[in-house]
Amino acid sequence: MKWKHENYWTPHGHVFDIGIATSQAISRLAKGEKPELAGGFDETDNGNGSLMRILPLLFYLLDKPIQERYDITKKVSSITHGHIRSVIACFYYLEFARQILLGKDKFEIYKNLKIEFSNHLTSLAINPTEIEKFERLLKGDIVKLDEDEIQSSGYVLHTLEASIWCLLTTDNYSEAVLKAVNLGSDTDTTGAVTGGLAGLLYGLDDIPNKWLLQIAKYDDIENLAKRLNEKIASH
């Protein structure tokens, strides 16, 4: 709410873009709606707005059991995007990221999630037709798909698939992010979602310094990261 109305944590002191679903959710919050009920729950409410902001939650979820990780992810996604498809996308992304932090190989993670992730979704009695939407990640081999088979629109499933495809078909941070951006369409979000995983996988030193120096509010972001790290260390 402070971001939308008071420009809090905006890169240049003003809000220059906001998705319809996110805007509507913030309006509901302002009227007193519970956070986990603020996001839209319709099938049309499946933009990539919750996926693009979900990654920092990883550090809070890291050591929690899988059911608790799912429940919290569902609540945090639902602040802006409450449909089960957005929730599953956020959960998959965080589970992939978690295994990166645990030191596993990216192809091993992709293989692991086909079993572990699918089994957990089935145990939750989620509508099978929703699980089928993730078939290219959970049953196919997304690495074998050609670039023209990967979409990068603002639809949450497109963004998730594109990020995993870019990560698995490149070997360093720059290649992964450039591949994501060059897919076109919703370039900033696809690049950011891909970059989140690539940053965890390859580390800060693999990000080109000239890219870092162009980040708005770089010092503020670095300070925020340090404070987060201290908070994690204290717990």
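Summary of computed values
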| quantity | calculated |
| --- | --- |
| Output for the range 43-89, where each listed residue is closer than 12 Å to residue 155 by Cβ, part of a helix (DSSP H, G or I) and not hydrophobic (A, V, I, L, M, F, W, C) | 85, 86 |
| Residue in the range 129-137 that is over 26 Å from residue 25 (Cα atoms), crowded, with 19+ Cβ neighbours inside 10 Å and in contact with a helix residue (DSSP H, G or I) (Cβ under 9 Å, 6 or more places away or on another chain) present | yes |
| Total residues in the range 13-66, condition closer than 16 Å to residue 193 by Cα and of a type in the set (Val, Ile, Thr) | 1 |
| Selection within the range 3-42 - part of a helix (DSSP H, G or I), among the hydrophobic types (A, V, I, L, M, F, W, C) and more than 22 Å from residue 88 (Cβ to Cβ) | 3, 26, 29, 30 |
| Qualifying residue in the range 71-89 (condition: β-branched (Val, Ile, Thr) and more than 29 Å from residue 168 (Cα to Cα)) | yes |
| Residue match in the range 99-116 (condition: out of contact with any His (no Cβ under 6 Å at 6 or more places or on another chain), closer than 24 Å to residue 59 by Cα and of a type in the set (S, T, N, Q)) | yes |
| Residue that is under 21 Å from residue 42 (Cβ atoms) and free of Cβ contacts under 8 Å to residues at least 24 places away in the same chain, where the choices are 73, 122, 80 | 73 |
| Criterion (closer than 18 Å to residue 199 by Cα and either in contact with a Gly (Cβ under 6 Å, 6 or more places away or on another chain) or at pLDDT 95 or above (or both)) met by exactly one of 115, 100 | 100 |
| Candidate set: the range 5-20, residues that are under 27 Å from residue 220 (Cβ atoms) and hydrophobic (A, V, I, L, M, F, W, C); chosen: the one surrounded by the fewest Cβ atoms within 10 Å (Cβ to Cβ) | 16 |
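The values are calculated or read from the model by the stated rules, or taken from the named source; none is laboratory data. Just so we're clear, the structure is a prediction, and the values are computed from it rather than from any experiment. All Cβ positions, glycine included, derive from the backbone under ideal geometry; neighbour counts span all protein chains shown.
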